[in-house]
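Read the structure below first, then the notes.
What follows is calculated from the coordinates using simple rules that are stated; it is not laboratory data. Note that the structure is a prediction, hence the values are computed from the model and not measured. Backbone-built Cβ (ideal geometry, glycine too); neighbour counts: all protein chains shown.
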Amino acid sequence: MTSPGYLLDFPQLHKVLGAIVNTGRSFPFIILLVVLTPLTRLIVGTSIGSTVALVPLTIAAIPFFGRITETSILEVDKGLIEAAQAMGCNYWQIVLKVMNQRFKS
């Protein structure tokens, strides 16, 4: 949404978020597992067992989900967004109604 020439044209934020997502995607899981041990112990109460892997797995999945979401949003036809803007839709109406309807069909 913040990429240059798109709905919320904010290139600085787009670069920062892109760097965070790229860093998160390239981080090996075993290192993330070790680094997040104190957070996992705080949340789960232990540092061993099968439920311990849920915290790092969830955090590791966020950048992948973000990249997939970005790709899906960029696939929405710009003409559809322009038509919604011409009809007077605000940002949230475009995101929640126009883009959401596009993905349902």
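Calculate, in whole percent, how much of the Cα-Cα pair population of the stretch 59-105 lies beyond 14 Å.
55
Just want to confirm a number: the relative contact order over the chain, from Cα pairs under 8 angstrom separated by 6+ residues, in percent.
On the way: 59 pairs, mean separation 22.8, N = 105.
Across the chain, relative contact order equals 22 percent.
Calculated FRET efficiency, THR37 and PHE64, Cβ-Cβ r, R0 30 Å, to nearest 0.05?
Working: r = 22 Å, r/R0 = 0.72.
About 0.90, to the nearest 0.05.
Which GluC sites (Glu not before Pro) in the stretch 1-85 pass both tests, a DSSP loop state and at most 15 other beta-carbon atoms within 10 Å?
GLU75
Would you indicate which of (i) -0.58, -1.21; (ii) -0.33, -1.52; (iii) -0.51, -1.32 is the value of log10 I(q)/I(0) by the Debye sum over Cα atoms at q = 0.12, 0.24 Å⁻¹ derived from the coordinates of this structure?
(i)
For the chain, what does -39500 (n - 2.57) per DSSP helix run (n ≥ 4), summed and divided by total residues, give at 222 nm, in deg cm²/dmol to the nearest 500? Could the numbers behind the result be given before it?
Values: 6 runs with 66 residues, N = 105.
Helices in the chain give a 222 nm mean residue ellipticity of -19000 deg cm²/dmol.
Mind listing the phi-derived Karplus ³J(HN,Hα) values for the stretch 10-21, rounded to whole Hz, using 6.51, -1.76 and 1.60 with θ = phi - 60°, and x for any glycine or proline?
Ordered by residue, 3J(HN,Hα) equals 9, x, 5, 5, 4, 5, 5, 5, x, 5, 5, 5 Hz.
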